[in-house]
Amino acid sequence: MGSGSGSVSNLKNAIIAFLVPLPSIFFYLSFLSVSASNIGADAHLKSTIWTWCYHHPLLIANVLFFFNVNLLFWLIGLIQSSHWMIDPYWTVIPVMLLHYYSTHPLAQYHWWRSSIVILLTWVWSMRLLHNYFRREKWQWGAREDWRFTDMTLHYGTHWWWASFFAIYVPQQLFLIGLSLPLYVIHTVNKPLSIWDLVALLVCVSGIVIAYFADTQLYNFVNINKKLKGVGKPVVPVLDNGLWYYSRHPNYFGEQLWWWGLVIFAWNLGQGWAFIGALANTMCLAYVTKLVEDRMLKQDNRAEAYRLYQKTTSVWVPWFKSSPLGLKKTVKESSQQDTQKQKLRFGKNGEFKILQVADMHYANGKTTRCLDVLDYQYASCSDLNTTTFLQRMILAENPNLIVFTGDNIFGFDASDSAKSLDAAFAPAIASNIPWVAVLGNHDQEGPLSREGVMKHIAGMKNTLSKVNPPEVHIIDGFGNYNLEVEGVEGTDFENKSVLNLYFLDSGDYSKVPFIPGYGWIKPSQQLWFQRTSAKLRKAYMNEPMPQKEAAPGLAYFHIPLPEYASFDSSNFTGVKQEGISSASVNSGFFTTLVEAGDVKAVFTGHDHVNDFCGKLTGLNLCYAGGFGYHAYGKAGWSRRARVVVVNLERTEKGRWEDVKSIRTWKRLDDQHLTGIDGQVLWSKSFGKMSVEY
């Protein structure tokens, strides 16, 4: 019944939409007919009204607009209690005005300029009309603009007459004003110039930008509808594609289109035609404020959108900037934090790192565990993950805790910020320095990927960074390095003897036709190469110049394709699932090998793999799944990886540079059982260790 009623309403609205411009069309065709039959008789038209039409094309355009659009559309809107029709006609009226100006008896123009503008205007119109009906699910009059609905509530019983002045009178000012360049183009005949090419490029750029921006917005809205339909949290902010560089790229594209037409008119000596585009730009600035105020009133989007506002240009696409005050935080506060929490080896010549992979934290005690034994399920939640982390910190007392991604499971986290706070709470409470990188699930909640990393970087006791402050363009969020200095009071106390690299391995491929997970991009590899070279140079210079680079360790989430090079004969640990690396090889393994300083790579992602294997002198290690809301294997304990780096000690008892790098894992059982201890690298045998 509902479907049939909707079809009838849709058909009725379509018929109305097709019939409503006919009065103006018939009137103008009648004028052309009379004009053609009288033009030979000294262009004298018998009727006064036809004479006015002949000599005052702009005035008649306004009169027709007033009666056919302002009055007729308004009356139909009152009858239907919906002023929907002005939206689709916003895309049609400029085309009608264009053909009115180009076919008027007084029209004069350069044929090529006119033809180009007519073609462009039709392309613009069809693009915008397609976007409108795509958004409205190909329905006629399904709803009116939300701003009109808001005004209905504001004006109450006065809306019936206020709507005429609030909706239709402004539409006449804007549409007639915006179309003034179309009038100018068909009243001045001048040769083409370079400015016509400039105008053409601006118009085409506007159409293309608006098309892609609207398409990205349409896809974003549909994805959120699907997420909401299955009970998942929606993504609060569209911040990829063109929307990564501008908060309103669709508005920017539309403005380019109209100002491109102004350039055509200016080139013809009629610069006054800019007034319509200027008025529209000012109006759109106000509309932008309305849209953003609306976003900030939505609880599930407000926090993320405020961050988006601070980092992203309003209209003109531009590179991301830091939130207000963040630059100071990165450059000054971060330096203060580094001084307070400078990483260095202890008096025992040891530096210990605890790696925690794939916590998949969500909402605490209400979030159930996955893949545990039947008797464990009833009482198992995210709190088991918290308890395991607390036990590991107490048992190992590490110098640094490293969280290697999928720290939270965004889809199930009702509030990403709160989930992050809860997930890292044991590390914060321990007062031990800690860092984190992102996985492929962290950003799937209310906070964007950038928002998650910025939240992490602002937390207590963390040395995490959103990105290296000295690099302006780099892919991903969470690329940075840390230096670990030698024992205080020794010759190496101000020299980094161990270098730690942290990288964002991405979430999912953004390249069409390349499926699967993300990978470490060229910009990140370039940053790594330059950072590694800089650290090598510093280590080999005074004081205490060394013959080769200090050893390094690298941490990120998604394993490299080279992890698939091992079998049970050449690794320590277990391999119980496939290697879920990117479907393309970005060459980062080769980059690491060429740099020569990194001795081991540590990842997560594949929860029931926990092995370490060596390939071409580089150890590739998994940590094994840590979190209880992450998939696992019932009866196979959650686990964490520990890495210990020891310094060389001289005969006089002085600590020098790194001697060895060892690792083991601990299981979340009664005794936190340690397993699979192995030496990853030792200065004494270096490359002589067994390799594949």
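Relative to the first principal axis of the alpha-carbon coordinates of the chain, what is the inclination of helix 416-430, with its axis defined by its Cα atoms, in degrees from 0 to 90 and to the nearest 10?
20
May I ask you to give the percent of accessible area on the stretch 381-509 that is carbon plus sulfur, with a probe radius of 1.4 Å?
C and S fraction of accessible area: 49 percent.
Say R0 is 41 Å: what FRET efficiency, to the nearest 0.05, do SER313 and ILE25 get from their beta-carbon distance?
It comes out at approximately 0.45.
Could you go through the stretch 521-534 in sequence order and give the Karplus-derived ³J(HN,Hα) for each residue, using 6.51 cos²θ - 1.76 cosθ + 1.60 with θ = phi - 60°, rounded to whole Hz, and x for Gly and Pro?
Result, rounded to whole Hz: 7, x, 4, 6, 5, 5, 4, 4, 4, 5, 5, 4, 5, 5.
When the Karplus curve 6.51 cos²θ - 1.76 cosθ + 1.60 is applied with θ = phi - 60°, which whole-Hz ³J(HN,Hα) does each residue of the stretch 491-498 get, with x for Gly and Pro?
Computed from phi, the couplings for the stretch 491-498 are 5, 9, 5, 10, 10, 6, 9, 9 Hz.
With a 1.4 Å probe and every protein chain left in place, work out the accessible area per residue of the stretch 25-171 in Å², rounded to a whole number.
Result: 52 Å² per residue.
Averaged per residue, what accessible surface does the stretch 438-551 expose to a 1.4 Å probe, in Å²?
Roughly 42 Å² per residue, with all protein chains present.
What percentages, rounded to whole numbers, describe P(r) for the chain computed over all alpha carbon pairs with 10 Å bin width beginning at zero?
Computed distribution, short to long bins: 3, 13, 20, 18, 13, 11, 10, 7, 3, 1, 0, 0.
Let me have the 222 nm mean residue ellipticity of the chain computed from DSSP H runs of 4+ only, each contributing -39500 (n - 2.57), with the sum over all residues rounded to the nearest 500.
-13500 deg cm²/dmol
Apply the a/c threshold of 1.5 to the C-alpha gyration tensor of the stretch 589-680 and tell me whether it is rounded, prolate or oblate.
oblate
Report, in listed order, any pair from LYS225/LYS465; LYS310/LYS342; LYS289/LYS454; LYS137/LYS228; LYS495/LYS683 with a Cα-Cα distance greater than 23 Å.
Cα-Cα > 23 Å for LYS225/LYS465; LYS310/LYS342; LYS289/LYS454; rest within.
Roughly how many Å² is the accessible area per residue of the stretch 556-692, as a whole number, for a 1.4 Å probe?
Normalised by residue count, the accessible surface of the stretch 556-692 is 39 Å².
Any chance you could get the radius of gyration and Dmax over the Cα atoms of the stretch 365-476, in Å?
So, for the stretch 365-476, Rg and Dmax equal 15.0, 52 Å respectively.
Per 0.36 nm of contour for each residue apart, how much would the distance between ASN348 and THR48 grow if the chain were fully extended, relative to their Cα-Cα spacing? Kindly include the intermediate steps, with their values, before the conclusion.
Values: separation 300, 0.36 × 300 = 108.00 nm, distance 10.44 nm.
Length gained, ASN348 through THR48: 97.6 nm.
I want the antiparallel fraction of DSSP beta bridges within the chain, as a percent rounded to 5.
On the way: 37 of 61 bridges.
Percentage antiparallel, nearest 5: 60.
Please give the contour-minus-distance gain from LYS537 to VAL123: 0.36 nm per residue of separation, less the Cα-Cα distance, rounded to one decimal in nm.
Contour length minus the Cα-Cα distance gives 143.3 nm.
Go through the chain and flag any cysteine with no other cysteine's C-beta closer than 4.7 Å, please.
Cysteines of the chain left without a disulfide-compatible partner: CYS53, CYS203, CYS283.
So what's the projected area for the stretch 512-652, the Cα convex hull averaged over all directions, in nm²?
11.7
Which ³J(HN,Hα) values in Hz, rounded to whole numbers, follow from the phi angles of the stretch 342-359 under the Karplus curve 6.51 cos²θ - 1.76 cosθ + 1.60, where θ = phi - 60° and Gly and Pro get x?
With the stated coefficients, the stretch 342-359 comes to 4, 7, 7, 5, x, 4, 8, x, 10, 9, 10, 10, 9, 9, 10, 10, 6, 5 Hz.
Quick one: which residues, 5+ away or cross-chain, put their amide H under 5 Å from the amide H of ASP475? H built at 1.01 Å from N.
Answer set, sorted by chain and number: SER523, GLN524.
Amide H neighbours of GLU648 under 5 Å, counting only residues 5+ apart in sequence or on other chains, H built in-plane at 1.01 Å?
Answer set, sorted by chain and number: GLU656, ASP657, VAL658, LYS659.
So for the chain, taking the charge dipole from beta-carbon charges (+1 Lys/Arg, -1 Asp/Glu), which of GLN546, ALA595, LEU343 sits furthest toward the positive end?
The residue sitting farthest along the positive end of the dipole is LEU343.
Summarise the accessible area of the stretch 192-310 (1.4 Å probe, protein heavy atoms) by the percent that is carbon and sulfur.
Solvent-exposed carbon and sulfur of the stretch 192-310 make up 67 percent of the total.
In the stretch 583-692, carbon and sulfur make up what percent of the accessible area (probe 1.4 Å)?
The computed percentage sits at 50.
Sort PHE252, PHE31 by accessible area with a 1.4 Å probe, largest first. Working shown, then result.
On the way: PHE252 40, PHE31 0 Å².
The ranking, largest first, comes out as PHE252, PHE31.
Going by Cα centres, the stretch 607-657 and the stretch 357-426 are how many Å apart?
Going from one Cα centre to the other spans 19 Å.
Would you grab the residues whose amide H sits under 5 Å from the one on VAL497? Only those 5+ places off in sequence or on another chain, please, with H modelled 1.01 Å from N.
Residues meeting the criterion, in which the H sits 1.01 Å from N, are VAL484, GLU485, GLY486.
Given Cβ point charges of +1 (Lys, Arg) and -1 (Asp, Glu) and nothing else, what value in debye, to the nearest 20, does the dipole of the chain about its Cα centre take?
In total the dipole reaches around 460 debye.
Once both labels are modelled 7 Å past Cα along the beta-carbon direction, what's the VAL63-ILE79 spacing in nm?
2.5
The values are calculated or read from the model by the stated rules, or taken from the named source; none is laboratory data. Quantities reported herein were computed from a predicted structural model and do not represent experimental measurements. Glycine gets a Cβ as well: all are built from the backbone with ideal geometry, and neighbour counts include every protein chain shown. Heavy atoms of the whole protein, side chains included, go into the accessibility calculation; ligands, DNA and RNA do not. Shrake-Rupley method; radii C 1.70, N 1.55, O 1.52, S 1.80 Å.
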